[in-house]
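**Q** First the structure, then my questions, so here it is.
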Amino acid sequence: MSLAQGGAGAMASAPAVAYPAAMIWLSSPDDIAADLPAVWLVATPERPATLPARSALRRGMGARILARQLGLPREAIAIGHDGPGRPLVEHPRGSGLHLSLATRSGLVAVALAHQPVGVDVEAVDDTAHPPIGVLHPEESAWLLAQPPENRALAFARLWSAKEAYVKALGTGFARAPESFAVSLSPQGQLTVRDGAQSAAASGVSRTIENGGQEILAAAIVVIG
């Protein structure tokens, strides 16, 4: 599996962001991040077919990475969730860490940060027409400006960023996806403009080439 940054041209007037300068991307659950925020994108042979099985895969990988990062035995780690379902570090208490988890096509994504964080992974589907109606008008205009052969990848990058943002908020898509706008740059930087939130949100998008057979888009968003 290789990671390639970029793809799909920039939205107009995207503001400068703090990331990816401080972002760390790792591929092994045994890797320790020198600083946070960090994202682990771990390829597994698992293809769980049910929601409980996917949740177990995510939480198991998250606990393994947390144990390694904190220098604790695996049994000292417990991952719970808040009322809306956002994962959180229950044990050890007082870690100050925010956690986000995602799975897609055997890839498990685990994000850790000292601020609210969201991570998501989406598959690139060249056979589907992007659902323009669920996007902010600025996002729709940007997507339609892409060459037709690039739109599936552009939409996957955009949607993974939107999903990561609502995960960081803790709302999921109870928050209407067209109510905020994501801006993407060719270098992988992303920002979110949301009139309902005062805190800045920014992050990074990555394209993942899985053995030349499958393309995925991953994004992390940090708020604050």
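The values are calculated or read from the model by the stated rules, or taken from the named source; none is laboratory data. Bear in mind the structure is a predicted one, so any value in this text is a computation, not a measurement. Counting neighbours? That spans all protein chains shown, and the Cβs are built from the backbone with ideal geometry, glycine included. For accessibility, only protein heavy atoms count, side chains too; no ligands or nucleic acids. Shrake-Rupley method; radii C 1.70, N 1.55, O 1.52, S 1.80 Å.
**Q** Among strands (runs of 3 or more DSSP E) lying entirely in the stretch 1-80, which contain 2 or more residues that are open to solvent by less than 60 Å² (accessible area, probe 1.4 Å) and at pLDDT 75 or above? Walk me through it before giving the result.
**A** Details: elements: 2-5, 24-26, 38-43.
Where strands (runs of 3 or more DSSP E) fall fully within the stretch 1-80 and carry at least 2 residues being open to solvent by less than 60 Å² (accessible area, probe 1.4 Å) and at pLDDT 75 or above, they are 24-26, 38-43.
**Q** Is it true that some residue in the stretch 116-128 is of a type in the set (V, I, T) and in contact with a His (Cβ under 6 Å, 6 or more places away or on another chain)?
**A** Checked the stretch 116-128: at least one residue is of a type in the set (V, I, T) and in contact with a His (Cβ under 6 Å, 6 or more places away or on another chain).
**Q** Something else now. Working carefully through the options S160, S100, find the one that is touching a residue at least 24 places away in the same chain (Cβ under 8 Å) and outside any strand (DSSP E or B). It would help to see each step written out before you state the result.
**A** On the way: S100 fails: outside any strand (DSSP E or B).
Every option except S160 fails the conditions.
**Q** Another question about this same structure. Which of the numbered conditions does P137 fail, given that it passes all the others? Conditions: (1) within 19 Å of R175 (Cβ to Cβ); (2) surrounded by 15 or more Cβ atoms within 10 Å (Cβ to Cβ); (3) modelled with pLDDT of 95 or more; (4) in contact with a helix residue (DSSP H, G or I) (Cβ under 9 Å, 6 or more places away or on another chain).
**A** For P137, the failing item is (2).
**Q** Only one of (1) free of Cβ contacts under 8 Å to residues at least 40 places away in the same chain; (2) in a helix (DSSP H, G or I) fails for P130. Which number is that?
**A** Unmet for P130, out of (1) free of Cβ contacts under 8 Å to residues at least 40 places away in the same chain; (2) in a helix (DSSP H, G or I): (2).
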